[in-house]
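Chemist: Have a look at this one.
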Amino acid sequence: MALFLGTIENKVDSKGRVSVPADFRNVLKGDDFQGVILFHSFTDKCIEGFTMSRMEQMADATDNLDLFGEENQNLNSLIFSDARQLSFDITGRIVIPSDLLEFAGIKDKALFVGRGKTFQIWNEDDFYKSQEDVRNKAQKTRPSLSFKRD
């Protein structure tokens, strides 16, 4: 399984065009849909980036929720109704909609941040401040991971 790894800065032009990092494009090209799904993050001041197959997994997961329940309605409203399918141009760029750029405070530089099976797009200053906060919390709480045994 290919993963989104690393933190890469790319320029954003006045039309909202930005080159998706080559390593990220390689992960995204593993999907039937040749592009990316973006939507407003509801946990951070950034843009969430998913493959189509990851979005399909999220849709499958919502099938386990009460069809008309509040949790299902909220997730569908926050994620699926807000999601944008953006195709790559010939050079590997996408045009990020202006409302997403404004929400994340992105003007001329975008930071692509790998998060394993997903990625985020941040304003540089906001990301590094958030990263510092997360690191400080982690040092206090000392989170742990459990690995499956083969």
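Chemist: Which value in Å is the Kirkwood Rh of the stretch 1-53 over different Cα pairs? It would help to have the intermediate numbers written out before the result.
Modeler: Working: mean 1/r = 0.0808 Å⁻¹.
Result for the stretch 1-53 stands at 12.4 Å.
Chemist: What's the FRET efficiency of residue 124 with residue 3 using the Cβ-Cβ distance as r and R₀ = 25 Å, to the nearest 0.05?
Modeler: Values: r = 22 Å, r/R0 = 0.89.
Plugging the Cβ-Cβ distance into 1/(1 + (r/R0)^6) gives 0.65.
Chemist: Also, quick follow-up: Along its principal axes, what span do the Cα atoms of the chain show, with the longest given first and each in whole Å?
Modeler: 41, 39, 35
Chemist: Got a sec to turn the phi values of the stretch 16-29 into Karplus ³J(HN,Hα) couplings, 6.51 cos²θ - 1.76 cosθ + 1.60 with θ = phi - 60°, whole Hz, x for Gly and Pro?
Modeler: Couplings: x, 7, 8, 7, 6, x, 4, 4, 5, 4, 4, 5, 5, 6 Hz.
Chemist: R0 = 41 Å: FRET efficiency of residue 57 with residue 99, Cβ-based, nearest 0.05?
Modeler: Values: r = 25 Å, r/R0 = 0.62.
After rounding, the FRET efficiency stands at 0.95.
Chemist: Hey, another quick one. For the stretch 1-60, what does the relative contact order come out to in percent, with C-alpha contacts under 8 Å and a separation of six or more? Could you put the intermediate results ahead of the total?
Modeler: Details: 48 pairs, mean separation 12.9, N = 60.
RCO, the stretch 1-60: 22 percent.
Chemist: If R₀ is 22 angstrom, what is the calculated FRET efficiency for the pair residue 78 and residue 134, using the beta carbon separation as r and rounding to 0.05?
Modeler: Working: r = 22 Å, r/R0 = 0.98.
Computed FRET efficiency for residue 78 and residue 134: 0.55.
Chemist: Now for a separate question. Obtain the radius of gyration and the Kirkwood radius of the stretch 70-150 from its C-alpha atoms and give Rg over Rh. Numbers along the way, then the final one.
Modeler: Working: Rg = 16.8 Å, Rh = 16.0 Å.
For the stretch 70-150, the value is 1.05.
Chemist: Given points 7 Å out from each Cα along the Cα-Cβ axis, report the residue 88 to residue 115 separation in nanometres with one decimal.
Modeler: 2.2
Chemist: So for the chain, averaging the separation of alpha carbon pairs under 8 Å that are six or more residues apart and normalising by length, what relative contact order in percent results?
Modeler: Details: 219 pairs, mean separation 51.7, N = 150.
The value is 34 percent.
Chemist: In addition: Of 120, 6, 100, whose Cα points farthest to the positive end of the dipole of the chain (charges on the beta-carbon: +1 Lys, Arg; -1 Asp, Glu; origin at the Cα centre)?
Modeler: 6
Chemist: Can you show me the helix-derived [θ] at 222 nm for the chain, built from DSSP H runs with n ≥ 4 at -39,500 (n - 2.57) apiece and divided by the number of residues, rounded to the nearest 500. Walk me through the intermediate numbers first.
Modeler: Working: 5 runs with 49 residues, N = 150.
My calculation for the chain gives -9500 deg cm²/dmol from helical runs alone.
Chemist: Let me ask you something else. Quick one: 3J(HN,Hα) in Hz for the stretch 125-139, Karplus 6.51/-1.76/1.60 with θ = phi - 60°, rounded, Gly and Pro as x.
Modeler: In residue order, the calculated couplings are 4, 5, 5, 5, 5, 4, 4, 5, 4, 5, 4, 4, 5, 5, 5 Hz.
Chemist: Can you give the accessible area per residue of the stretch 43-132, in Å², using a 1.4 Å probe? Mind dumping the intermediate values first?
Modeler: Working: 5160 Å² over 90 residues.
Accessible area per residue, the stretch 43-132: 57 Å².
The values are calculated or read from the model by the stated rules, or taken from the named source; none is laboratory data. A quick note: this is a predicted structure, and the numbers were derived from the prediction, not measured. Glycine also receives a Cβ, built like all others from the backbone with ideal geometry; neighbour counts cover every protein chain displayed. In case anyone asks, the SASA skips ligands and DNA or RNA and just uses the protein heavy atoms, side chains included. Shrake-Rupley method; radii C 1.70, N 1.55, O 1.52, S 1.80 Å.
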